[in-house]
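The values are calculated or read from the model by the stated rules, or taken from the named source; none is laboratory data. On a predicted model such as this, the values are computed, not experimentally measured, just so you know. Reconstructed Cβ throughout: ideal geometry from the backbone, glycine too, with neighbour counts over all protein chains shown.
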Amino acid sequence: MPKRIDLLPGTLDLLILKAVSLSPQHGYGILLRIGQITNEALIIDQGALYPALYRLEDQGLLSTEWGVSENNRRAKFYTLTASGRKRLAQEVAGWARLVDAMSAAINAKANEV
Amino acid sequence: MGHRIWNRILNRRRWEREMAEEMETHIEERTAHLIEQGVALDAARRQARIEFGGVEVHKELCREMSPLVRLYDELRRNMTYASRSLVKSPGFTAVAVLSLALGIGANLAIFNLVERLLLTTLAVRDPQTLYQTGSYQPNGQFRNWASYVHYDSGRKGNTDIFEGVLAWSQWTMEVDVEGHQEKQLVAFVSGNYFPMLGVQARFGRTFTEEDDGPGPSNLAIIGYRSWEKYFGRSPDVLNKSIKVQNATFRIVGVAPPGFYGTVPGDPPDVILTLHGNLNFNPNAITSEGMMWLKTMVRLKPDIPLEAARTVYRERAQQGGKAMRMKLGRLDQPEPPTLVPTAGGYSEVRNEFSQAIIVLMALVGVVLLIACANLSTLLFVRGAGRAGEMSVRLALGASRGQLVRQWITEYLLIAAAGGVAGVFVARWAVDALLYFVREDSRQYLKFQATPNMMLAAIGLTLFTTLLFGLLPALLSSQATPGAALKESQRSILGRRRWLARGVLAFQIAASLALVTGAALFVRTLTKLNSDSGNTARSEIVYAHVRYPRGTQAPDGFVDDITDRLRQSGAFAAVSNGRLPLSGGGGWSWATVPGYVPKPVEDNIVYHAWAAPGYFQATGIELIAGRDFEEKDRVTPNQVIIVSESFVRHYFNRRNPIGERVRVTHDPRYVEIIGVARDVKYSGLRGDLSDVAYSPNPRSRGGTIIARPASAGQQAAALREIQSAVRAASKTALIETGTLEEVIQLALRRDRLVAQLSAVLGLLGLLLAAIGLYGVMAHEVISRTREIGIRMALGAKSWTIVSTMLREAALVTGLGVLVGFPVSVFSARFVESLLYGVTPSDPIAFVAAATILAAAALLAAFWPARRAALLDPVESLRCE
């Protein structure tokens, strides 16, 4: 297992939106999905997922519905709303810009300045 | 999304349950997952829980993520906290809620009357363009009676300024409907009444102008209530007949439900045309002297009010035929005018509207005092709780949370006060209606209309803002450190001038209230003592008449008078006009040799008087002789006049034996006596010129008697009743004491005087409570200082006087401010006063004295407690 890194502030929202955008998920499912799509590289405090979910729901980015999990348990499923989708696109774009800027900064060489 | 959030709040428990379930599912899923990976059951469970972290912590974070849920939770917490803290200080809570309840309740009660009497407009088309015609008498009374002749010519002669003129009149009559005999309210209305008001019949038709004359009409419209009660709302009602007294009418329509026409609160049961009255009064249409109609005009939309008033007044003053266009008495000296009447014609309103506005102002002031009072109490309490606030701030409560906490507490107090206020208002209105004619009570009684409820809620919020703003601001300034370190005193100390200011305001406002009360009470006593009739309280009377359609024997009343005189139970018995009562005739006086000034009031009022009248009524004869039996034989030979008549026309000459004209009769009559001046009709009226004439031996009239010994009125009335009964089984008698008649006429002044006294007392009490509260707090917070001073040898009276000086300062400041305010505002109630000027020194001195006494009394108890402190104990405190 590769060495895990701490989450940067604000990244959890993006990860949740991304995970849910792939398919509606319940809380634990979202956690597994994030692990899956990040190659288990990020540490997420499991309980801390929920305040984030509630906040996103409150902002109208996620909608919820009660359903049944793969293990036949009653679970609350989160789905991306239209504005959630819009937000995800924004976040992704913003993140991409940040990554570009950061990698440009990191790869700068003395003779290029 | 919005409805989901509301669902969350409304289903707060379900929301919690689902959140718990969701987290539990997560842990179970995780456990299952771990087991799949080969972890043993127990270890998997343990690990899942550890990985999840503190469930309750996450839950709390989730709650925080939903602002409305958070607000709701805080509100509930605050409510619990506030109600607990209020229950813990029951004395404070009781004073706070009670004073608000009284303040809000008094306002709602008066507002109820304001709404009913002043704000409600007639349910007719364009009530704003309706005006009453008539003239204001010098005494402020509005006269607007017209005869049909006036009405008709006024209607035809003013078509350029009025879109229409309607006339109506109503009184109770014996009605026979479907075999039920009842006294019912019968209205007579002009043919244009319904079309002009834009009111449609509920069923059948209304009257039109074609229904007016020329001969007697037998058309009737019945009230909705009668249709329901006697005809079961059957359509067969049309063309059925209804008997009013002895005349039969044919029903052509039903008025809409609740229709009260032009008189709010008095829905007529039967409506007839003006010509319908010809069935009862054959000269109703032709007589110029029979003033039985009230008129209302609708102004043309393009004519400005002032222009219409000028035209109308000029026409009425031109005299002759145009004079009739005045729609009122031909002989009124005052110029006629147009009075806006969107609310309809209401005797109660005419009588009480001014008093009600004054009362509204008074109750408003009481509410202000109540708020100020509560504000100081809360402020003092807040100072006492500064420590608690500091602790809570130190424990991490935000300032906003504290303010919200305070506001919740204030709202709770105000809401309790508001709810209690509605009950107070209900009760207060019932008490108020005691002053109003019985048949108006139904209309004026307290009603929980939407307006009323809005007013209650509005008042509650408004008062919260008023009394809560100051203490909330001050207490939110507490700092976590300061209050813990310093003594409580410094918190109040820095803001003490504010508390003093609010107290001074309370005292100033109370001074205004108490002064008003003093003025009104003095008015009432003046009115009561100024009748000029010393025997007033002893006099009893009996109106005696035979029922309509039956003939009393000649001299019926005189025979009874004689019999009573012989019984020996009376100091004096006679008959004639009851002094100080309503009614009575009048005309112009003509005195030979006297040249009237160009504009002069030559009205002389008439009163019938049988021999012995002046003894019975206690009106002193100051010159000449009383009437004798022989004077009654030929009418219009002799009269007795009042002092003021003599002053007016004879200028110190001896009037006895002079001949004057005082009636419409062209013959001159001889003055045989002069009587002392007494009030003719109301107590408010001036002493007027009166001519007493010997009444003819009569079949009906008023017996006036004075019992032989004081306090025997009840026995005297029984005596009179049995004498009348002995003479006739069927005669109608209405008995009472003159005092009762007078007190009935004084009801408005009594209402204002009593209510203002109660409100003044309330204001005084509240101010005293406020002063007491602040002083008591002073004593507690200065305990140490007082202890030191006493330990250093200060005498207890020095301590008392220090504390009292404080109270005297505030009271003095309040009186200083309140005095000019009171003088200024008293000018607005001048027209309600009688015999006192708005700046009556006695009232002002009395009010200031009462106030100062109350203030010192309120301050004395805490001051005494300060003086009784044990120096050692007080040094040890804190």
Conditions first: (1) assigned to a loop (DSSP other than H, G, I, E, B); (2) buried (at least 20 other Cβ atoms within 10 Å of the Cβ); (3) in contact with a Pro (Cβ under 7 Å, 6 or more places away or on another chain). B:ASP677 passes all but one, so which condition is the exception?
(3)
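State whether one or more residues within region B:788-797 are buried (at least 20 other Cβ atoms within 10 Å of the Cβ), over 19 Å from B:LEU503 (Cβ atoms) and in contact (Cβ under 8 Å) with a residue 12 or more places away in the chain.
Within region B:788-797 (the criterion being buried (at least 20 other Cβ atoms within 10 Å of the Cβ), over 19 Å from B:LEU503 (Cβ atoms) and in contact (Cβ under 8 Å) with a residue 12 or more places away in the chain), the answer is yes, since at least one residue qualifies.
Can you name every residue in region B:116-168 that is assigned to a loop (DSSP other than H, G, I, E, B) and within 21 Å of B:ILE303 (Cα to Cα)?
Here is the first cut: in region B:116-168, the residues assigned to a loop (DSSP other than H, G, I, E, B) are B:120-126, B:137-141, B:144, B:147, B:158-161.
Across region B:116-168, the qualifying residues are B:VAL124, B:ARG125, B:ASP126, B:ASN158, B:THR159, B:ASP160, B:ILE161.
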Hey, could you check region A:49-61 for residues that are closer than 19 Å to B:ARG30 by Cα and at the interface with another protein chain (Cβ under 7 Å from one of its Cβ atoms) and say which is surrounded by the fewest Cβ atoms within 10 Å (Cβ to Cβ)?
A:PRO51
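Determine if region B:591-603 includes at least one residue that is surrounded by fewer than 19 Cβ atoms within 10 Å (Cβ to Cβ), small (Gly, Ala, Ser), out of contact with any Leu (no Cβ under 7 Å at 6 or more places or on another chain) and at pLDDT below 90.
Yes, the conditions are met somewhere in region B:591-603.
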Determine, yes or no, whether B:GLU51 is touching a Ser or Thr at 6+ places or on another chain (Cβ under 9 Å) and at the interface with another protein chain (Cβ under 7 Å from one of its Cβ atoms).
no
Residues satisfying the stated conditions in region B:221-232, i.e. touching a helix residue (DSSP H, G or I) at 6+ places or on another chain (Cβ under 8 Å) and either assigned to a helix (DSSP H, G or I) or modelled with pLDDT under 90 (or both)
B:TRP227, B:PHE231
Return the only residue of B:GLY657, B:GLY624 being surrounded by 17 or more Cβ atoms within 10 Å (Cβ to Cβ) and at positive phi.
B:GLY624
Test: residue in region B:769-781 that is more than 44 Å from the chain's Cα centre (by Cα) and more than 27 Å from B:GLY516 (Cα to Cα)
yes
Looking only at residues that are modelled with pLDDT of 80 or more and surrounded by fewer than 22 Cβ atoms within 10 Å (Cβ to Cβ) in region B:285-297, which one is farthest from B:GLU182 (Cα to Cα)?
B:THR286
Being surrounded by fewer than 18 Cβ atoms within 10 Å (Cβ to Cβ), at pLDDT below 85 and either within 27 Å of the chain's Cα centre (by Cα) or assigned to a helix (DSSP H, G or I) (or both) narrows it down to one residue among B:VAL872, B:VAL829, B:VAL821; which is it?
B:VAL872
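Can you say whether B:ALA44 is among the hydrophobic types (A, V, I, L, M, F, W, C), within 14 Å of another protein chain (Cβ to nearest Cβ) and in a helix (DSSP H, G or I), as far as the supplied structure shows? Outline the logic, then answer.
Working: among the hydrophobic types (A, V, I, L, M, F, W, C): yes; within 14 Å of another protein chain (Cβ to nearest Cβ): yes; in a helix (DSSP H, G or I): yes.
Against the criterion (among the hydrophobic types (A, V, I, L, M, F, W, C), within 14 Å of another protein chain (Cβ to nearest Cβ) and in a helix (DSSP H, G or I)), B:ALA44 qualifies.
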Which numbered condition B:VAL57 fails, given (1) facing chain A (nearest Cβ under 10 Å); (2) surrounded by 15 or more Cβ atoms within 10 Å (Cβ to Cβ):
(2)
All but one of (1) more than 23 Å from the chain's Cα centre (by Cα); (2) part of a helix (DSSP H, G or I); (3) modelled with pLDDT under 85; (4) farther than 16 Å from B:LEU857 by Cβ hold for B:GLU806, so report the exception by its number.
(4)
Cβ-Cβ below 7 Å, separation at least six or inter-chain, first residue in region A:40-58 and within 14 Å of A:GLY84 (Cα to Cα), second assigned to a loop (DSSP other than H, G, I, E, B) and modelled with pLDDT under 85: which pairs?
A:TYR54/B:SER66; A:ASP58/B:SER66
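Looking only at residues that are small (Gly, Ala, Ser) and touching a Pro at 6+ places or on another chain (Cβ under 8 Å) in region B:165-208, which one is nearest to B:LEU293 (Cα to Cα)?
Of all residues in region B:165-208, those small (Gly, Ala, Ser) come to B:167, B:169, B:179, B:187, B:190-191, B:198, B:201, B:204.
With the extra rule that they be touching a Pro at 6+ places or on another chain (Cβ under 8 Å), the set shrinks to B:187, B:201.
On the way: B:ALA187: 11, B:ALA201: 23 Å.
Out of the qualifying residues, it is B:ALA187.
Just for strands (runs of 3 or more DSSP E) wholly inside region B:238-311: which have at least 3 residues that are within 38 Å of the chain's Cα centre (by Cα)? Steps first, answer last, please.
On the way: elements: B:241-244, B:247-254, B:270-273, B:293-299.
It comes to B:270-273, B:293-299.
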Subset tally (residues that are surrounded by 17 or more Cβ atoms within 10 Å (Cβ to Cβ) and within 17 Å of A:GLY29 (Cα to Cα)) for region B:33-50
2
Hits in region B:724-750 (condition: surrounded by fewer than 21 Cβ atoms within 10 Å (Cβ to Cβ) and assigned to a helix (DSSP H, G or I))
B:ARG725, B:ALA726, B:ALA727, B:GLU739, B:GLU740, B:VAL741, B:GLN743, B:LEU744, B:ALA745, B:ARG747, B:ARG748, B:ARG750
Scan region B:394-419 residue by residue and report those that are at pLDDT below 85 and in a helix (DSSP H, G or I).
B:ALA394, B:ARG399, B:GLY400, B:GLN401, B:LEU402, B:VAL403, B:ARG404, B:GLN405, B:TRP406, B:ILE407
Any residue at all in region B:202-220 that's surrounded by fewer than 18 Cβ atoms within 10 Å (Cβ to Cβ), modelled with pLDDT under 90 and in a helix (DSSP H, G or I)?
yes
Condition set in contact with a Pro (Cβ under 7 Å, 6 or more places away or on another chain) and at pLDDT 80 or above, scope region B:363-393, selection farthest from B:LEU764 (Cα to Cα): answer is B:LEU378
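Let's see how each residue does on (1) surrounded by fewer than 12 Cβ atoms within 10 Å (Cβ to Cβ); (2) under 26 Å from B:ILE27 (Cα atoms); (3) more than 14 Å from chain B (Cβ to nearest Cβ):
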residue	(1), (2), (3)
A:SER63	no, yes, no
A:TRP66	no, yes, no
A:THR79	no, yes, no
A:VAL92	no, no, yes
A:ALA96	yes, no, yes
A:SER103	yes, no, yes
A:ASN107	yes, no, yes
A:ALA110	yes, no, yes
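Suppose we keep only residues that are at pLDDT below 80 and not hydroxyl-bearing (Ser, Thr, Tyr) within region B:697-731. Which one would you say is nearest to the chain's Cα centre (by Cα)? Step through it out loud before you land on a result.
Initial filter on region B:697-731 (at pLDDT below 80): B:697-700, B:710-711, B:730.
Imposing the further condition that a residue be not hydroxyl-bearing (Ser, Thr, Tyr) reduces the set to B:697, B:699-700, B:710-711.
On the way: B:ARG697: 44, B:ARG699: 41, B:GLY700: 38, B:ALA710: 36, B:GLY711: 33 Å.
Ranking the qualifying residues of region B:697-731, first place goes to B:GLY711.
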Could you please tell me which pairs satisfy a Cβ distance under 6 Å, a separation of 6+ or placement on different chains, a first residue in region B:420-435 that is within 13 Å of B:LEU751 (Cβ to Cβ), and a second residue that is among the aromatic types (Phe, Trp, Tyr)?
B:VAL429/B:PHE446
So for region A:36-43 (the condition being away from chain B (no Cβ under 11 Å) and among the charged types (D, E, K, R)), does at least one residue qualify?
yes
Scan region B:323-345 and tell me whether some residue there is among the hydrophobic types (A, V, I, L, M, F, W, C), at pLDDT 70 or above, in a helix (DSSP H, G or I) and surrounded by fewer than 22 Cβ atoms within 10 Å (Cβ to Cβ).
no
Which of the residues spanning region B:60-70 are under 10 Å from A:TYR54 (Cβ atoms) and either of a type outside the set (Gly, Ala, Ser) or more than 7 Å from every other protein chain (Cβ to nearest Cβ) (or both)?
B:LEU61, B:CYS62, B:ARG63, B:GLU64, B:MET65, B:VAL69
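For region B:644-654, indicate whether the set of residues that are aromatic (Phe, Trp, Tyr) and part of a loop (DSSP other than H, G, I, E, B) is non-empty.
Going through region B:644-654, the residues aromatic (Phe, Trp, Tyr) turn out to be B:645, B:649-650.
Applying the additional criterion that residues be part of a loop (DSSP other than H, G, I, E, B) yields none.
No, region B:644-654 contains no residue that is aromatic (Phe, Trp, Tyr) and part of a loop (DSSP other than H, G, I, E, B).
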